[in-house]
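Asker: One structure coming up, written as structure tokens, with questions to follow.
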Amino acid sequence: MVFMRERSLQERFMTEQALHRLGRKALLELLLEQAKEMESLQEQVKRQEQELKEAKQALQNREIQINEAGSIAEAALQLNGIFEMAQIASQQYIDNIQKLNDRQAALCAQQAKESSEKANALLEETAQKCKEQEEACRRRCEEMEAEAKRRAAAYWAEVSRRLQIIYKDYQKHSKYSSKL
């Protein structure tokens with residue numbers, strides 16, 4: 001029965017590829033579901049341990065009838081057999097719970113590692129995009145500055161040319177005015 005219970009637990013586990021295809025929300029839901037299942041199994045272990053304790057207590061309190069057992073030695077052998085079977089069954093159950101817990105811990109560790117790797121990759125990608133945008137912005141600013149300097153120089157050249165014309169006209173008018 002323990003073997004069948006373990007087999008059905010194994011069938012519930014997803015393949016690694018299927019886990020990689022799940023989104024963060026689905027993975028978190030899966031973790032929550034498995035955590036609930038783990039709590040349920042731990043409660044079952046506690047109940048079975050309590051039942052085992054009660055069974056041991058009942059066996060201790062029970063009077064062994066020498067007539068049925070044949071002798072005190074046979075009665076002791078029968079009790080030892082019962083306790084051994086109970087111990088074996090409880091140990092198998094505890095081992096199965098431990099295996100399930102170990103699998104769950106490994107899955108959580110793997111998911112945490114993958115999430116961390118994805119976050120680091122996104123950070124690197126974002127940093128690279130920021131660097132590229134900063135470089136593009138710097139180039140654009142340099143181009144705009146160069147264009148502004150070119151325009152200013154052209155404007156000054158035009159203003160200087162016009163001032164020269166005005167000055168020459170002024171000198172011509174001054175000469176004509178002084179001759180008149």
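The values are calculated or read from the model by the stated rules, or taken from the named source; none is laboratory data. Since this is a predicted model, take the numbers as computed values, not measurements. Cβ atoms come from the backbone with ideal geometry, glycine included; neighbour counts cover every protein chain shown.
Asker: S174 - would you say it is modelled with pLDDT under 90, in a helix (DSSP H, G or I), within 18 Å of the chain's Cα centre (by Cα) and surrounded by 10 or more Cβ atoms within 10 Å (Cβ to Cβ)?
Answerer: Working: modelled with pLDDT under 90: yes; in a helix (DSSP H, G or I): yes; within 18 Å of the chain's Cα centre (by Cα): no; surrounded by 10 or more Cβ atoms within 10 Å (Cβ to Cβ): yes.
Spelling it out, it is not the case that S174 is modelled with pLDDT under 90, in a helix (DSSP H, G or I), within 18 Å of the chain's Cα centre (by Cα) and surrounded by 10 or more Cβ atoms within 10 Å (Cβ to Cβ).
Asker: Now a separate question. Need the failing condition index for E147 against (1) modelled with pLDDT under 85; (2) farther than 30 Å from Q34 by Cβ, just the number.
Answerer: (1)
Asker: Checking the conditions here, which among K56, K36, K25, K46 is in a helix (DSSP H, G or I), of a type outside the set (A, V, I, L, M, F, W, C), more than 30 Å from Q110 (Cα to Cα) and at pLDDT 70 or above? Write out each step before concluding.
Answerer: Numbers: K36 fails: more than 30 Å from Q110 (Cα to Cα); K25 fails: more than 30 Å from Q110 (Cα to Cα); K46 fails: more than 30 Å from Q110 (Cα to Cα).
Only one candidate passes the filter, namely K56.
Asker: Please specify each residue of the range 21-34 satisfying the condition of being free of Cβ contacts under 8 Å to residues at least 12 places away in the same chain and surrounded by fewer than 14 Cβ atoms within 10 Å (Cβ to Cβ).
Answerer: Those that are free of Cβ contacts under 8 Å to residues at least 12 places away in the same chain and surrounded by fewer than 14 Cβ atoms within 10 Å (Cβ to Cβ): R21, G23, K25, A26, L28, E29, L32, E33.
The rows are residues; the columns are (1) among the hydrophobic types (A, V, I, L, M, F, W, C); (2) touching a helix residue (DSSP H, G or I) at 6+ places or on another chain (Cβ under 8 Å).
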{"position": "G81", "(1), (2)": "no, no"}
{"position": "I88", "(1), (2)": "yes, no"}
{"position": "K99", "(1), (2)": "no, yes"}
{"position": "A148", "(1), (2)": "yes, no"}
{"position": "A153", "(1), (2)": "yes, no"}
{"position": "I165", "(1), (2)": "yes, no"}
{"position": "D169", "(1), (2)": "no, no"}
{"position": "S177", "(1), (2)": "no, no"}
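Asker: Here's something else I'd like to know. Within the bounds of the range 102-122, is there any residue that is in a helix (DSSP H, G or I) and over 30 Å from M38 (Cβ atoms)?
Answerer: First, the residues of the range 102-122 that are in a helix (DSSP H, G or I): 102-122.
In the following step, the residues that additionally are over 30 Å from M38 (Cβ atoms) were identified as 121-122.
Yes - at least one qualifying residue is present in the range 102-122.
Asker: Could I ask something else about it? Suppose we filter Q98, Q111 for residues that are polar (S, T, N, Q) and modelled with pLDDT of 90 or more; which single one remains? Please lay out each step first, then the result.
Answerer: Numbers: Q111 fails: modelled with pLDDT of 90 or more.
The unique qualifying residue is Q98.
Asker: Please find, within the range 45-58, the residue that is farthest from the chain's Cα centre (by Cα) out of those that are free of Cβ contacts under 8 Å to residues at least 12 places away in the same chain and surrounded by 10 or more Cβ atoms within 10 Å (Cβ to Cβ).
Answerer: Filtering first and then ranking leaves Q57.
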